[in-house]
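Encoded as structure tokens, the structure appears first; notes follow it.
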Amino acid sequence: EKGVYPYYMLKEIDEQPNVMRKLSKKYLDENGTPVIDEKLLDVMKNSDRIYIVGAGTSYHAGLVGKKQLETLTGIPTEVHVASEFAYEKPIFSKKPFFLFLSQSGETADSRQVLVNVNKDHYPSLTITNVANSTLSRESDFTLLLDAGPEISVASTKAYTAQIALEAILAKALGEHLGDQRAQDFDLKAQLSLVAQGMQTIVDEKDKIDEISQDYFVNATQAFYIGRGIDYTVSLEAALKLKEISYVHSEGFASGELKHGTIALIEDGTPVIGIITQGFTAGLTRSNLMETAARGAKTLTIVRKSLAQDDDTFVIPDVDELLTPLLSVIPAQLLAYYTSLNKGLNVDLPRNLAKSVTVE
Ligand code: M6R
């Protein structure tokens with residue numbers, strides 16, 4: 001039930017701090033040690049490459065998971081769009097392991113990949129929000145998000161839950177492999193900081209509503225830019241905006257602007273820079289300035305330790321592997337308010353269904 005909320009999407013955005021706390025409680029014990037099936041970790045430990053498969057927002061969560069898994073386990077990880085993977089099979093390593101990400105567990109594109117994986121008898125894990133869903137039943141292992149039902153077509157809490165659970169899995173596997181960074185990673189403390197940080201951002205709703213009215217409601221196009229993990233969040237941020245507010249938006253690697261995209265910048269085009277990684281912050285800031293010089297209205301989502309006076313959204317500091325959990329929140333809210341302020345049906349955007357069960 002959406003209770004006092006006008007739309008499920010806002011309710012689901014607001015639920016995210018609690019989802020973080022629940023995941024931490026379920027999958028990390030009092031000492032912060034991951035509670036993950038040893039059999040799963042043994043199988044993953046024996047693989048020489050992890051293939052993550054997902055669609056839409058789940059694919060974007062996979063892009064963050066790649067960074068977490070590679071950093072904490074050293075196992076090379078690839079991320080694939082399910083509908084491409086099914087018919088353009090990449091070359092497999094000798095011992096591949098498949099990780100399916102799907103809120104619903106019913107996405108036909110992902111299922112098609114799993115059918116082929118099972119034919120070849122390769123091991124697989126599904127991370128999903130729905131127990132007994134098709135992907136869960138048909139893969140060897142399942143980890144549940146326990147985020148509660150996600151009703152709004154635009155996925156929000158499933159994205160952050162997937163990223164938090166991927167971090168837990170990466171830490172568990174890293175520890176299993178004896179990785180020092182994984183052992184030192186205090187994920188329990190970090191997820192508690194993330195939950196608090198999410199709360200402070202959702203409490204700033206009114207500011208985001210204003211920015212939406214000032215710069216987005218009448219915009220015909222908007223861009224998110226970033227580098228590395230921030231680039232992956234810019235893809236998700238742009239998907240949210242296009243899917244529910246119908247503002248044509250794209251996420252770009254900020255270094256790519258000058259290779260073409262900057263030609264699209266017009267007077268007043270909103271460009272939002274996501275800046276959470278110290279070693280690329282300066283570069284993305286100069287790319288933003290280049291767009292401002294061509295008339296763009298530039299905005300920023302920046303972590304506190306990198307913030308400057310005129311930044312738009314300052315998000316609390318958390319470990320660099322977890323910043324997407326916070327940097328995505330202003331973008332979710334911006335999409336929500338832009339849709340709302342345009343008088344659209346936020347939860348049921350045109351032409352889309354919650355669960356895509358055809359290829
Ligand atoms: O249920 P799934 O996670 O497999 O769904 C995948 C996509 O269809 C889904 O994330 C879609 O992109 C959302 N509408 C995005 O908000």
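Tabulated data
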item	result
Positions within segment 321-357 being within 15 Å of the ligand (Cβ to nearest atom) and among the hydroxyl-bearing types (S, T, Y), in sequence order	Y336, T338, S339, S355, T357
Which numbered condition K258 misses (of (1) part of a helix (DSSP H, G or I); (2) at pLDDT 95 or above; (3) more than 30 Å from R181 (Cα to Cα))	(2)
Residue within segment 30-43 that is polar (S, T, N, Q), more than 16 Å from the ligand (Cβ to nearest atom), in a helix (DSSP H, G or I) and surrounded by fewer than 17 Cβ atoms within 10 Å (Cβ to Cβ) present	no
Failed item, numbered, when S110 is tested on (1) more than 9 Å from the ligand (Cβ to nearest atom); (2) crowded, with 23+ Cβ neighbours inside 10 Å; (3) polar (S, T, N, Q); (4) farther than 23 Å from I13 by Cα	(1)
Output for segment 274-300, where each listed residue is of a type in the set (G, A, S), in contact (Cβ under 8 Å) with a residue 24 or more places away in the chain and under 17 Å from E320 (Cβ atoms)	G278, A281
Subset of segment 239-257 (residues that are hydroxyl-bearing (S, T, Y) and either within 11 Å of the ligand (Cβ to nearest atom) or touching a strand residue (DSSP E or B) at 6+ places or on another chain (Cβ under 6 Å) (or both))	S249, S254
Answer residue from segment 182-206, given it is in a helix (DSSP H, G or I) and free of Cβ contacts under 8 Å to residues at least 24 places away in the same chain and is surrounded by the most Cβ atoms within 10 Å (Cβ to Cβ) among those	Q183
Filter pass, E236 being touching a Pro at 6+ places or on another chain (Cβ under 9 Å), buried (at least 23 other Cβ atoms within 10 Å of the Cβ) and at pLDDT 95 or above	yes
Residue satisfying all of: in segment 91-107; under 25 Å from A147 (Cβ atoms) and of a type in the set (A, V, I, L, M, F, W, C); nearest to the ligand (Cβ to nearest atom) among these	L101
Restricting segment 67-102 to residues that are aromatic (F, W, Y) and outside any strand (DSSP E or B), the residue that is nearest to the chain's Cα centre (by Cα)	F85
Pairs with Cβ under 6 Å, 6+ apart, first in segment 87-107 and closer than 14 Å to N118 by Cα and at pLDDT 95 or above, second within 15 Å of the ligand (Cβ to nearest atom) and hydrophobic (A, V, I, L, M, F, W, C)	L99/I52; L99/L125; F100/V53; F100/L135
Evaluation of F313 against (1) surrounded by fewer than 20 Cβ atoms within 10 Å (Cβ to Cβ); (2) in contact with a helix residue (DSSP H, G or I) (Cβ under 6 Å, 6 or more places away or on another chain) (one fails), failing number	(1)
Single condition V153 does not satisfy, out of (1) more than 10 Å from the ligand (Cβ to nearest atom); (2) surrounded by fewer than 21 Cβ atoms within 10 Å (Cβ to Cβ)	(1)
Among (1) in contact (Cβ under 8 Å) with a residue 60 or more places away in the chain; (2) part of a helix (DSSP H, G or I) - the single one A154 does not satisfy	(2)
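The values are calculated or read from the model by the stated rules, or taken from the named source; none is laboratory data. This one's a predicted model, so the numbers in the text were calculated from it and none came from an experiment. Reconstructed Cβ throughout: ideal geometry from the backbone, glycine too, with neighbour counts over all protein chains shown.
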